[in-house]
């Protein structure tokens, strides 16, 4: 919207805020500079522009689907023998309802990145993430299910979804145009996730056969053991998993964790557990680099009494690092964890695994981020030894005011998919054969990781 005069500002500002909240998007106000300089005079108002005749109320919809569609959905879900739930960002306020449905249907809950906090990671029903950064049990649930319930998600990577004709589908979605966008569902329920699930629950029948859920739970037990092994290694150079693990153990119950895009998202997804009451987010739709720091600043302003932590990579942080001064200026007690491997890691591994090419143009010039924090007026820490990581993390989190810690880690630690496809393995081998400059170290690190999982 464009401001048309001084008396127009209040109305348009309220409208822009309501639009952003209601449609979960960006509102843009165009405010011409000549109008910014004009004095506000009441006599300039038109008869229809009554002072303060506007509202900043955050109105929420109790939108519910048609009851016949809810009954049809219940019929499909009750008939399914292997039901899986895919719960995204739109399900963040429906934790209890998701677990009730999972218990009734014997269904594992799979979570795209934006749905990380939809149910806590210690829930007996969840198999964690999906996709390249996901878990093996989540992928197996998608591969084996015969019915899929999608709740508040538009997870775009359809190669990780059930194959066509494999599973019947039901989708709960607030935006009608997203129904069937990612998977050919039979029923689309347009409505709020929590309210729709509440209407659906009384129609669901508890499944006596619990094997599908039990297999997922057994798989998660094994998966967690593997993740713990990777995150508690004491060798040097330090593994990025160690840093995520030590941070995750120490986060408060009210923590708001903001992550960046890149390999950093892998360590956040797998090694920083979401606990009930916490909030977790990243740029899940655009995979944008560098939002971790501004997200954390925004979270601290919105929730001044909560612990706000950014978990970012050195590549992403360096793009907007000057904003750390903003936190110092306004005395925002944010905490930023920087995984420092001096490389654009995700680009490097995508060049190798998806294209079969050696890495090219991904090296970063090293920056002393701890010194930078001090130069800004904040506090900076450094750690490169896993034996000291927990102690330094504790001191860092308890430091008053804005602080950051740079954790120097192994640049050759690969963010391996939960299940490596033959094509990915072939491209990986091809990139080594075609002259990858660090092929010996990368091959040794990858082999070492696999051997450690077996012993």
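Computed from the coordinates by the stated procedures, all read-outs in this text should not be read as laboratory data. Remember, predicted model here, so these are calculated numbers, not experimental data. Cβ atoms come from the backbone with ideal geometry, glycine included; neighbour counts cover every protein chain shown.
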For the stretch 137-207, Kirkwood radius (reciprocal of mean inverse C-alpha pair distance, Å) = 12.8
Expected sort for 233-242, 336-345 on mean C-beta neighbours within 10 Å, highest first, is 336-345, 233-242
Overall form of the stretch 67-218 per C-alpha gyration tensor (a/c, 1.5; a/b vs b/c) | rounded
Ascending count of other beta-carbon atoms within 10 Å, so fewest first, for 8, 28 | 28, 8
For the chain, what is the calculated [θ] at 222 nm in deg cm²/dmol (nearest 500), taking -39500 (n - 2.57) for each run of four or more DSSP H residues and dividing by its residue count?
-> -12000 deg cm²/dmol
For the stretch 94-156, rounded, prolate or oblate, judged on the Cα gyration tensor with a ≥ b ≥ c (square roots of eigenvalues), a/c < 1.5 rounded, else prolate if a/b > b/c?
-> rounded
Over what distance in Å are the Cα centres of the stretch 112-157 and the stretch 197-262 separated?
-> 11
Find the Cα radius of gyration of the stretch 192-305, compare it with 2.2 N^0.38 Å by division, and give the number to two decimals.
-> 1.36
Exposure proxy check: 267, 349 ranked by fewest other beta carbons within 10 Å?
-> 349, 267
Calculated over the stretch 248-307: convex hull of Cα atoms, volume per residue (Å³) = 82
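Whole number please: convex hull volume per residue of the Cα set in the stretch 234-359, in Å³?
120
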P(r) of the stretch 283-418 in 10 Å steps, Cα pairs, percent per bin?
-> 12, 40, 33, 13, 2
Alpha-carbon radius of gyration plus Dmax, which is the widest Cα pair, for the chain in Å | 24.3, 81
Cβ density ranking, 10 Å radius, fewest first, applied to 142, 4 yields 4, 142
